[in-house]
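For reference, the structure discussed in these notes is given below.
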Amino acid sequence: MFKISKYYRLEFTFWVIAFLEVVAEGLQYLPALYVLKPLIPLVIWWMYWKNSTKKQSLFVIVYVLSAIVNVLFIPKSWSFLHWAVIAFLVHRIFFVVLLYQNLTKVKWNWFFIYAIPFFVFFSFLFYISDKQSDVMLTLLLLQNLLITVIAAFAFQNYFLTVGFARFWLFISAIFYVILHTIIYLERFYLDFTIFRPIAMICNVIAFYFFYRFVLEAEKESTIPPAKL
């Protein structure tokens, strides 16, 4: 009898949960959202723990924080958004540290070159958005800075290194940038229902590809980086 490995069972479970979550987002069925949203990063954490050769504790912290953030972003009230942005900021800081630890090479001159267009783009969104308070203003500025750092690391890594890890990170970063943009549009400009399932699709893909990046980076950690 054909048996499916534990790895593929976990993968299948993850994508089933992700599909149900996207449907729940489209229908705005809150009971399902409060169950499924935190499950997505927690299942990825379990997948990582079962498949990783290094089992980095920081990865666990990042994805547990992500589960908390996912719940806080469900309500649409400004009070919840305030706490969600704070939690998201903490999550992003740990995320950037984890990302940096798994890079094989960082060329800071190229990092700043790739950071410029993202910084300009998100600065424009920030400038024309409706800031609610000085605290929110500061939090949004820091969020923009962190997503810029993530994108710049991913782009310089993609063009300056070899291996599969750079591909996973590059795709993950693209979807994180799209997600960040959609959140801006939904919270400050256009409250379209369609934004939520689209944001969830981006979130799921970004989560998954970053998980694959970390696994691949662990495998490639002994491979020397490409020479310029």
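The values are calculated or read from the model by the stated rules, or taken from the named source; none is laboratory data. Keep in mind the model is a prediction, meaning the values are calculated, not measured. All Cβ positions, even for glycine, are placed from backbone atoms using ideal geometry, and neighbour counts span all protein chains on display.
The table that follows gives values for the structure above.
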item	result
Candidate set from the stretch 127-171 (those that are more than 17 Å from F207 (Cα to Cα) and among the small types (G, A, S)); member that is modelled with the highest pLDDT	A152
Top-ranked residue in the stretch 155-208 [being more than 28 Å from V16 (Cα to Cα) and of a type in the set (V, I, T); ranked as surrounded by the most Cβ atoms within 10 Å (Cβ to Cβ)]	T161
Conditions (1) in a helix (DSSP H, G or I); (2) surrounded by fewer than 19 Cβ atoms within 10 Å (Cβ to Cβ); (3) without any contact (Cβ under 8 Å) to a residue 40 or more places away in the chain; number of the one not met by P75	(1)
Those residues of the stretch 82-111 which are of a type in the set (V, I, T) and either without any contact (Cβ under 8 Å) to a residue 40 or more places away in the chain or under 17 Å from A165 (Cβ atoms) (or both), in sequence order	V90, V96, V97, T104, V106
Checklist (1) at pLDDT below 90; (2) crowded, with 16+ Cβ neighbours inside 10 Å applied to T53, failing item	(2)
Filtered residue count, the stretch 94-116, keeping only those that are of a type in the set (A, V, I, L, M), assigned to a helix (DSSP H, G or I) and surrounded by 15 or more Cβ atoms within 10 Å (Cβ to Cβ)	4
Count of residues meeting criterion [in contact (Cβ under 8 Å) with a residue 12 or more places away in the chain and within 20 Å of I183 (Cα to Cα)] in the stretch 24-44	12
Answer from Y63, Y8 - the residue that is in a helix (DSSP H, G or I), of a type in the set (F, W, Y) and surrounded by fewer than 16 Cβ atoms within 10 Å (Cβ to Cβ)	Y8
Some residue of the stretch 100-110 being basic (K, R) and out of contact with any helix residue (DSSP H, G or I) (no Cβ under 7 Å at 6 or more places or on another chain)	no
